[in-house]
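What follows is a set of notes on a single structure, which appears directly below.
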Amino acid sequence: GSANGGSSGYTWKGGRLWQTTFQRADYVIELLQQLDPNLGTKQQQNETRKDNSRRWIRDVALGGDHTVILSSNKKDVISCGKGGEGQLGLTSKPWVSSPSKSKALSSSKSDIAAVCAFRHCSMTLGDDGEIKNSVGKCSKMRKALELCRKRAAESGLIGSNLQR
């Protein structure tokens, strides 16, 4: 978890792993700042927003038992949760409780616009909505992928009038 005692995504509190309310996950922000020290320091385009979480996080996707987070730098992807089917993009990790950078999903060259997570699969999408990278068992996910693209378009992460 966090050096300051924050939760790490999946928490063990009161003898339960799963919680009924969201827990503050300071470690996610700490990890993103370690990956890119410039995050959170840049002037925001929309300073009137009350929620400044986009200073660090561009997109979050929740799979069956895993979480995928895209940094606002559009390069770094971190993941945590169940990874036994390879859906975290981390080498042979059945369970990851602390968010970790997914080298398989991250990109050092081209920008990532959005992330998708479903069942045993995680994907990244480009600005055009096309799959950039995928990890895990991603066959027969056409319907889920279309729903992810729709969510990303409605959120303004990818072009909304893309032809498929």
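Remarks
- Within the assembled protein chains, the solvent-accessible surface assigned to R58 is about 50 Å², based on a 1.4 Å probe.
- The slack between E154 and S98, meaning 0.36 nm per residue of separation minus the straight C-alpha distance, is 17.2 nm.
- Computed from label points 7 Å out along Cα-Cβ, the spacing between K140 and D128 is 3.0 nm.
- Remark: the stretch 104-164 carries a charge dipole of roughly 400 debye about the Cα centre, counting +1 on each Lys and Arg Cβ and -1 on each Asp and Glu Cβ.
- The stretch 109-150 shape via C-alpha gyration tensor axes, a/c threshold 1.5: oblate
- Longest to shortest principal axis, alpha-carbon extents of the stretch 52-164, angstrom: 38, 33, 24
- Projected label distance in nm at T91 and L35, using a 7 Å step from Cα toward the beta-carbon: 1.9
- Note on exposure: W56, W95 ranked by accessible area (1.4 Å probe, complete protein assembly) read W95, W56, with the most exposed listed first.
The values are calculated or read from the model by the stated rules, or taken from the named source; none is laboratory data. Just so it is clear, the structure is predicted and the values come from calculations on it, not from any experiment. All Cβ positions, even for glycine, are placed from backbone atoms using ideal geometry, and neighbour counts span all protein chains on display. Each accessible area value is taken on the protein alone, full model and side chains, heavy atoms only, with ligands, DNA and RNA left out. Shrake-Rupley method; radii C 1.70, N 1.55, O 1.52, S 1.80 Å.
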